[in-house]
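Visitor: Next up is a structure, given as structure tokens.
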Amino acid sequence: MQIPGGEKLTERVDELSALYVLTDRLYRAKSNHEAFEAGLDAIRDGLGCRRASMLLFDDAGVMRFVAWRGLSDSYRHALAGHSPWKAGERNAEPILVTDIAETSEPTSVKDRIASEGIVGLAFIPLIAQGEVVGKFMTYYEQKHSFAGHELDLAMTIARQIGFYLERTRAEEARKLAEDELRASEQQFRLMSEHAPVMIWTCDASGKCTNLNSMLREFWGVTSEEIPTFSWHPTIHPDDAADIGARMMDALTTQSSVTVQGRYKNHKGEYRVLLTVARPHFSTKGQFRGLIGVNVDIT
């Protein structure tokens, strides 16, 4: 006995299964290749098309094939760059083509598509942060009228892939920012290491994080000893309370400070140092401590 609506129910189950598998594979994807292959499988299984492709805008704003099924090299070469949208366009809507021969596309484009055995097709925009970053295409060998549930499924697949692209691009941007920060800090250390003045940095609690060559020589400290070094015992007892209070206030208020006092060097001699320090913040605005310069004005 056939259950009324059983065929449609089976179709919906297949669609939901394709979405579930896609979501899981995108979550586990370790590379764009794995993610795009997952997307093509979902398109094939959910939308019932043998051929499909995925394209993204490159840095020059040209739409390029990044993954495909059942397309010839000559077809991809001929249609690379073809897009109904510009990179970064907002509010893009899918374009469903029942028969490419009945469109207003240039004859050369229609002939090339037809020569590939494609009649019906769809352009589904891939959106990241509200902007078009690419598209996926479905291809059919016959005329194809897209049902409402097919469009809904296509848009859901596109959203899932768009979320993946947003996540990976945000991660890439974070890593790039971290790399730039590390490079900047390394450059600062290289520049400050042999500067003709005493340069230091401390973290948000006031703990030393770096002393340049001239300052390490002044206190007789090695690079390995910096993490456990404290400059407070080197301050002249009569100056210690004022300098300590003013430096702590600068850390608490995350502000600049200029202070002068007597410090004992590695020879046991007191020298008068003028200290000028400025707050240091991360790219996200987080207070990271102070950067200071000591000048011997004895």
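Visitor: Evaluate the relative contact order of the chain (contact order divided by residue number), counting alpha-carbon pairs under 8 angstrom at least 6 apart; express in whole percent.
Guide: Numbers: 469 pairs, mean separation 33.6, N = 298.
Relative contact order for the chain comes out at 11 percent.
Visitor: Using a 1.4 angstrom probe on heavy atoms only, work out the carbon and sulfur share of the accessible area of the chain in %. Show your work: numbers first, answer last.
Guide: Numbers: 8950 of 16870 Å².
The computed percentage sits at 53.
Visitor: Which whole-percent values make up P(r) of the range 220-298 when all C-alpha to C-alpha distances are grouped in 10 Å steps starting at zero?
Guide: 17, 45, 32, 5, 0
Visitor: Still on this model: Which helices count as membrane-span-like in the chain under these terms: full DSSP H, at least 18 Å along the axis by C-alpha, Kyte-Doolittle mean of -1.0 or more? Don't jump to the answer; show the numbers that get you there.
Guide: Numbers: long enough: 6-28 (33 Å, -0.47); 32-47 (22 Å, -0.36); 148-193 (66 Å, -0.71); 237-253 (25 Å, -0.15).
Within the chain the helices that satisfy the rule are 6-28, 32-47, 148-193, 237-253.
Visitor: Here's something else I'd like to know. In Å, what Kirkwood hydrodynamic radius results for the range 106-235 from the alpha-carbon pair distances? Walk me through the numbers before you get to the answer.
Guide: Values: mean 1/r = 0.0484 Å⁻¹.
Answer for the range 106-235: a Kirkwood hydrodynamic radius of 20.6 Å.
Visitor: Along each of the three principal axes of the Cα atoms of the range 142-298, give the extent in whole Å, ordering the values from largest to smallest.
Guide: 92, 30, 23
Visitor: Taking 0.36 nm per intervening residue step and subtracting the Cα-Cα distance, what contour gain separates V272 from M248 on full extension? Before the final figure, lay out each step's value.
Guide: Working: separation 24, 0.36 × 24 = 8.64 nm, distance 2.00 nm.
Full extension of this stretch gives 6.6 nm more.
Visitor: Right, another one. List nothing, just return the count: lysine pairs in the chain, 8 or more apart or interchain, with Cα separation under 20 Å. Walk me through the numbers before you get to the answer.
Guide: Details: K30/K175; K86/K135; K110/K135; K110/K143; K175/K284; K207/K264.
Total qualifying Lys-Lys pairs in the chain comes to 6.
Visitor: Expected output is a single nm value to one decimal: the length gained when fully extending between D99 and S74, i.e. 0.36 nm times separation in residues minus the C-alpha distance. What is it? Provide the component values of the computation, followed by the final result.
Guide: Details: separation 25, 0.36 × 25 = 9.00 nm, distance 2.13 nm.
Extra length available between D99 and S74 comes to 6.9 nm.
Visitor: Using a Gaussian network model of the chain with C-alpha springs under 10 Å, which one of E141, E225, E185 is most mobile by mean-square fluctuation?
Guide: E225
Visitor: For the range 39-56 and the range 184-232, write down the distance between their C-alpha centroids in whole Å.
Guide: The range 39-56 and the range 184-232 have Cα centres spaced 57 Å from each other.
Visitor: What is the gain in length, in nm to one decimal, between V62 and R174 on full extension, counting 0.36 nm per residue of separation less the C-alpha to C-alpha distance? It would help to have the intermediate numbers written out before the result.
Guide: On the way: separation 112, 0.36 × 112 = 40.32 nm, distance 2.49 nm.
Taking V62 through R174 to full extension adds about 37.8 nm, to one decimal.
Visitor: Which one of A154, A183, A42 has the biggest mean-square fluctuation once the chain is modelled by GNM with Cα springs under 10 Å?
Guide: Ranking A154, A183, A42 by mean-square fluctuation puts A183 first.
Visitor: Right, next: Run the dipole for the chain about the Cα centre, Lys and Arg Cβ at +1, Asp and Glu Cβ at -1, nothing else charged, and hand back the magnitude in debye, nearest 20. Write out the running numbers ahead of the final one.
Guide: On the way: 34 positive and 41 negative charges, 88 e Å.
Magnitude of the dipole: close to 420 debye.
Visitor: In what sequence, highest mean first, do 50-58, 173-181 appear when ranked by Cβ atoms within 10 angstrom? Spell out each step's value before the answer.
Guide: Details: 50-58: 20.7, 173-181: 11.1.
So the peptides 50-58, 173-181, ranked by packing, come out 50-58, 173-181.
Visitor: Give the peptides 188-199, 89-100 in descending order of average Cβ contacts within 10 Å, highest first.
Guide: Taking the mean over residues of other Cβ atoms within 10 Å, the ranking is 89-100, 188-199.
Visitor: Per the Kirkwood formula on distinct C-alpha pairs, the Rh of the chain is how many angstrom? Intermediate results must be reported in sequence, preceding the final value.
Guide: Values: mean 1/r = 0.0409 Å⁻¹.
By the Kirkwood definition, the hydrodynamic radius is 24.4 Å.
Visitor: Same structure, new question: From the C-alpha gyration tensor of the range 150-190, pull out the three semi-axes of the equivalent ellipsoid (sqrt of 5λ each), sorted largest to smallest, in whole Å.
Guide: Details: eigenvalues 307, 3, 3 Å².
So the equivalent ellipsoid measures 39, 4, 4 Å along its semi-axes.
Visitor: Could you provide, to the nearest whole Å², the per residue accessible area of the range 100-251 with probe 1.4 Å?
Guide: On a per-residue basis, the range 100-251 sits at 53 Å².
Visitor: Please find the FRET efficiency linking T228 to F188, where r is the Cβ-Cβ separation and R0 is fixed at 25 Å, and quote it to the nearest 0.05. Walk me through the numbers on the way to the answer.
Guide: Working: r = 22 Å, r/R0 = 0.89.
Taking R0 as 25 Å, the efficiency between T228 and F188 is 0.65.
Visitor: Then there's this: Under a point spin-label approximation (7 Å from Cα along Cα-to-Cβ), what is the Q129-E166 distance to one decimal in nm?
Guide: It is 1.1 nm.
Visitor: Under a plain spin-label model, where a point goes 7 Å from the Cα along Cα-to-Cβ, how far apart in nm are V109 and D296?
Guide: Distance between the two pseudo-spin positions: 7.5 nm.
Visitor: Let me ask another. Say R0 is 51 Å: what FRET efficiency, to the nearest 0.05, do D203 and L16 get from their beta-carbon distance?
Guide: Working: r = 51 Å, r/R0 = 1.01.
FRET efficiency, D203 to L16: 0.50.
The values are calculated or read from the model by the stated rules, or taken from the named source; none is laboratory data. This is a predicted model, so every value here is computed, not measured. Because the Cβ atoms are built from the backbone with ideal geometry, glycine has one as well, and the counts that use them run over all protein chains shown. Areas reflect the complete protein model, heavy atoms only, side chains present, ligands, DNA and RNA absent. Shrake-Rupley method; radii C 1.70, N 1.55, O 1.52, S 1.80 Å.
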